[in-house]
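First the structure, in the form of structure tokens, and then the observations on it.
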Amino acid sequence: MKRIVLPIISLFMLGCGNDPLPKPKGYLRLEYPEAEYKKVESSLPFSFDKNAFSASVSKAKTSGNVKGINVKYPSLKATIYLSYKKVNTDNLDSLLRDAQNLTQKHTMKADEITYKPFENTKDKVYGMLYEVGGDAASQSQFYVTDSTEHFLSGSLYFYAKPNYDSIYPASEYLKKDIKRLMESIKWTEH
């Protein structure tokens, strides 16, 4: 009996040396199509390039002197909201402050907010791109202006609870579209 019990006990003792490790959470590897941009002539006094991957550009509700359009990405459950305001002699400072304050409202949930100035002197487009890290409601905010007549602000929102790890791939993909949108703005007269 000792001949059988001793080897079995030895096997149990040798087999129990490593503690089990929990399996790490995994996320899907998401790949998006290569961006193909097309010029959009909007009903507002500017044109821009939009990714063909977005489903549509739709007119948003107007409120007073604010007019808007939305660039929708249903497969990503996201929309880039664009709001246009006419600049007059005394409102540029308040428009800039409002755009900056909108971004700062996300600091409660954001891990970080980085900003990148934008300047296109040829087409008179100047602005700022804010990238928001963490579980904030909006991952990107921006504004562009010619400083004399036109002011456009934009925000990226997802139709999902903000979980930075989950929306990160889509957010990074759409940041490229936002940068292209800013770079391609051409002011027009309506």
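The values are calculated or read from the model by the stated rules, or taken from the named source; none is laboratory data. What you see is a predicted model, and the numbers here were worked out from it, not measured in a lab. Accessible surface is based on the protein model in full, side chains and every heavy atom, while ligands, DNA and RNA are left aside. Shrake-Rupley method; radii C 1.70, N 1.55, O 1.52, S 1.80 Å.
Pairwise alpha-carbon distances in region 57-190 exceed 22 Å for 35% of all pairs. Heavy atoms of the protein chains alone define the surface here; on that basis region 37-153 has 53 Å² accessible area per residue at 1.4 Å probe size. Between region 155-190 and region 38-94, the C-alpha centres lie 12 angstrom from each other. The string of couplings for region 180-187 from the Karplus curve (6.51, -1.76, 1.60, θ = phi - 60°) is 5, 4, 4, 5, 9, 4, 10, 6 Hz, one whole number per residue in order, with x for Gly and Pro. Amide H contacts of Ser42 (H built 1.01 Å from N, in plane; Pro and chain starts excluded): Phe48 sit under 5 Å, all sequence-distant by 5 or more or on other chains.
Computed from backbone phi with θ = phi - 60° and the Karplus coefficients 6.51, -1.76 and 1.60, the 3J(HN,Hα) list for region 57-69 is 10, 10, 6, 9, 4, 9, 9, x, 8, 9, 10, x, 9 Hz; x is used for glycine and proline. What the phi angles of region 161-177 give under the Karplus curve with 6.51, -1.76 and 1.60, with θ = phi - 60°, is a coupling list of 4, x, 10, 3, 4, 6, 8, 3, x, 5, 4, 5, 4, 6, 4, 5, 5 Hz, glycine and proline written as x. Between Ser43 and Ala137, full extension at 0.36 nm per residue minus the direct alpha carbon distance yields a gain of 31.1 nm. Gyration tensor analysis over the Cα atoms of region 47-128 returns equivalent ellipsoid semi-axes of 22, 19, 16 Å (largest first, whole Å). Remark on His150: its backbone amide H falls under 5 Å from those of Val87, a criterion applied only to residues 5 or more positions apart or on other chains, H modelled at 1.01 Å from N.
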